[in-house]
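One structure below.
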Amino acid sequence: MKLSIDIEKKFSGFSLQFATTVEGPRTGIFGPSGSGKSTLVSILSGLQQPQRGEITIDGECLFSSCRNINLAPEKRRISIVFQQSMLFPHMSVRSNILYGYRRCRSAERRIHPDALIELLKLQPLLERDTLTLSGGERQRVALARAVLANPRLLLMDEPLSALDDTLRFQIIPYLKSVSTEFGIPYLFISHSLVEMQLMADRAIVMENGRIREETTPDRLARKKMGASRYGYQNLMRFSGAEACNGMYACRWGGNTIFVSEDPGGGESLFELSSREIILFRKNPEAISARNLLQCTVTEIFLSDGRIGVELTAGGETLVAEIVPRASEELALTTGSAIFAAIKASSFRRLS
Amino acid sequence: MTPAMQLTPDDINAILLSMKVALTATILALPFGFAAAWLIVYKAFRGKVLLEVLVNLPLTLPPVVIGYLLLLLLGRNGFIGKTLQDVGIPVIFTWKAAVIASATVGFPLLVRSIRLGMESIEPGLIDASRSLGAPWHDTLFSVVLPLSSRGILAGSSLMFARSIGEFGATIIVAGNIPGITQTIPLAIYDYASSPSSTAMALSLCIVAIMISVTVLLLHDAVAGKIEKGRVR
């Protein structure tokens, strides 16, 4: 998929100028509220018109002010997953899911409803009234509805913002797997850095209606580390958890990590703030923290007066955050061997 | 006063005619009312204010004024009346004139209710429908129409009730001809002018009350059904 956008829209007191080319299946659009993200969604889907510019997708022109082209929303084949799911209240879950599918030309129907219903585990919900669904169920139904319209692009407009943390991280695997399984590229719009890190390969950062930079979500998170209230969030996937001395021992690459919170069965996702990691030059031998990893420093970077230290241990990467003075005392350089101590209670389970 | 209701054959005719006029006026006005509400709520165009004023005018104008204007328009020398006369459809002083009078007077109530219903629809639902491949007319019938059904029902009930009670405009364009254009209010008016007919007038009043109560009950029952119909 190749999406070229070069548009301009002015409102009273706000203007949106957006010019870029989006390739690749998972692109994030990151920015605070009021930065123009939702306007961009409306413009791409044809619900709003820019004053000037051009939008093309895979060579087909969706909008062009100079050629006087403005494809109607129903002809663009761009589906939206809204923040507030926007399920039709007068229809059952089944009718909602099939709304776009029934309006899709048979030649364009690549995705079969049964396959998607199974993937999203929607079978038990099909005959339900949408008003009785929980927030997470609503978003799964909304996702199914958007995907079954067989779009060439999926716009996810803050699809997780209305959900609480537990649900958010339960929905993310669905969002990702649907896109991979059925080959639908998406634009993931969000103001949450962690969501960006989990959902996107590339991030377009917006501010006041302009593109401020194009980067990767990880680069963005590192850049924001020093100024952020929570530091850099290391997102770690653990597996094979076993109960051990009132804690849980999990596998993380070639390492064993002890966590206090029950990771449950299968794979689990934890976050660890860069500020929760203490670095030692030599092995401290006896400490209260239950995790002591022998690491190699692979990168040192500066972020708002703080030093970010990228560490590798057992084939996995971790970012720790220290003040410049500590960096000097530890005489850190790329390639240094170092010990990282992390309390078992510092890991926060996301899913 | 006699205990039983006293209804003459003319009174029965008046009741049946009232129902016929109110029902026809409501059914005829519905598509126009829906279209007008849709234009006002969803379309941005030049002259929208004019449309709004025009739609609401019968609400504030004295019905007699509306009746007189309709008479000028539909009369033998009127713009529309002449054309209709030429094709052999006389309107003035027939039950059709009563329908037109009722439809005109009740129209603002109908549009107001439908409009309120439409305005309560979350705009995102319309966006969702469009982005899922529905052209505007499809969205109109699959999302806007069902979701404004309560407003449509309320508007129709109001309009029907208003039409049953229509007097001022009707008496001017349709006259007060027993058996032909005399509706319940006109019949009561006739009775009210002679002191000996109090019982007859009262009987018709009771019928009018019964119709009004039935309309209200029917409205509530159907509204309840619509609400339940959503739980599928």
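FYI, it's all coordinate maths here, none of it is from the lab. Just so it is clear, the model here is predicted, and its values are computed rather than measured. All Cβ positions, glycine included, derive from the backbone under ideal geometry; neighbour counts span all protein chains shown.
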Next item on the list: With a ≥ b ≥ c taken as the square roots of the eigenvalues of the C-alpha gyration tensor of segment A:1-85, please select rounded if a/c is under 1.5 and otherwise prolate if a/b is larger than b/c or oblate if it is not?
Entry: rounded
Check: When only C-alpha pairs under 8 Å and at least 6 residues apart count, what is the relative contact order of segment A:233-349, in percent?
Finding: 32
Checklist line | Cα-based reach from A:Lys282 at 23 Å (exclusive), listing lysines while leaving out same-chain residues under 8 positions away | finding: A:Lys343
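Go ahead and run the numbers for FRET between A:Gln294 and A:Ser64, Cβ-Cβ distance against an R0 of 41 Å, rounding to 0.05. If you can, show how the numbers build up before the last one.
Working: r = 58 Å, r/R0 = 1.42.
Efficiency, rounded to the nearest 0.05: 0.10.
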Note to self: Explain nothing, just the number: dipole magnitude of segment A:2-224 about its Cα centre with +1 on each Lys and Arg Cβ and -1 on each Asp and Glu Cβ, in debye rounded to the nearest 20.
What the structure shows: 320
Next item on the list: Give the residue from A:Ile257, A:Leu332, A:Asn291 lying farthest towards the positive end of the charge dipole for segment A:212-338; charges sit on Cβ (+1 for Lys and Arg, -1 for Asp and Glu) and the dipole is referred to the Cα centre.
Entry: A:Leu332
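Charges only on Cβ, +1 for Lys and Arg, -1 for Asp and Glu: so what's the dipole of the protein assembly as shown about the Cα centre, in debye to the nearest 20?
Its charge dipole is roughly 800 debye.
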Check: Out of B:Met210, B:Ile66, B:Met200, whose Cα points farthest toward the positive end of the dipole of chain B (charges: +1 Lys, Arg; -1 Asp, Glu; placed on Cβ)?
Finding: B:Ile66
Margin query: Just to be sure I understand the rule: take each whole DSSP H helix in chain B, project its Cα atoms onto its long axis, keep it if the span is 24 Å or more and its mean Kyte-Doolittle hydropathy is at least 0.5. Which ones pass?
Written below: B:9-42, B:95-119, B:198-229
Notebook entry, point to check: Given DSSP loops and a limit of at most 12 other Cβ atoms within 10 Å, what is the longest stretch of chain A that contains no such GluC sites (Glu not before Pro)?
Noted result: A:128-284
Notebook entry, point to check: Once Lys and Arg get +1 and Asp and Glu get -1 on their Cβ, which of A:Pro217, A:Ile184, A:Phe280 lies farthest toward the positive end of the dipole of chain A?
Noted result: A:Ile184
Notebook entry, point to check: In peptide A:98-111, how many Cβ atoms from other protein chains are near each Cβ within 10 Å, on average?
Noted result: 2
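Would you calculate the convex hull of the Cα atoms in segment A:2-224 and tell me its volume per residue in Å³?
On the way: hull volume 27.8 nm³, N = 223.
It is 125 Å³ per residue.
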Next item on the list: Counting other beta carbons within 10 Å of each Cβ, put B:Leu109, B:Leu51 in order, fewest first.
Entry: B:Leu51, B:Leu109
Next item on the list: Could you tell me whether the protein assembly as shown comes out rounded, prolate or oblate from its Cα gyration tensor? Rule is a ≥ b ≥ c as square roots of the eigenvalues, rounded for a/c under 1.5, then prolate if a/b exceeds b/c, otherwise oblate.
Entry: prolate
Check: In percent, how large is the relative contact order of chain A, given Cα pairs closer than 8 Å and 6 or more residues apart?
Finding: 16
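Decide, for segment A:219-289, between rounded, prolate and oblate: order the square roots of the alpha carbon gyration tensor eigenvalues as a ≥ b ≥ c, take rounded if a/c falls under 1.5, and otherwise choose prolate if a/b is larger than b/c, else oblate. Working shown, then result.
Values: a/c = 2.26, a/b = 1.31, b/c = 1.73.
Oblate.
Under unit Cβ charges (Lys, Arg +1; Asp, Glu -1), what dipole magnitude, rounded to 20 debye, does segment B:16-183 have relative to its Cα centre?
On the way: 12 positive and 7 negative charges, 50 e Å.
That gives a dipole near 240 debye.
At 222 nm, what value in deg cm²/dmol follows for chain B if DSSP H runs of at least 4 each add -39500 (n - 2.57) and the sum is divided by all its residues, to the nearest 500? Intermediate values should be presented prior to the final figure.
Values: 11 runs with 168 residues, N = 232.
Using -39500 (n - 2.57) per qualifying helix, the result is -24000 deg cm²/dmol.
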Checklist line | When each of A:Lys2/A:Lys37; B:Lys48/B:Lys228; A:Lys9/B:Lys43 is checked by Cα-Cα distance, pairs over 25 Å | finding: B:Lys48/B:Lys228
Notebook entry, point to check: In deg cm²/dmol, rounded to 500, what helix-only [θ] at 222 nm does chain A give when every DSSP H run of at least 4 residues adds -39500 (n - 2.57) and the total is split over its residues?
Noted result: -7000 deg cm²/dmol
Note to self: Under 19 Å from a point placed 7 Å out from the Cα of B:Lys20 along the Cα-to-Cβ direction: which residues of segment B:67-92 have their backbone N that close?
What the structure shows: B:89-92
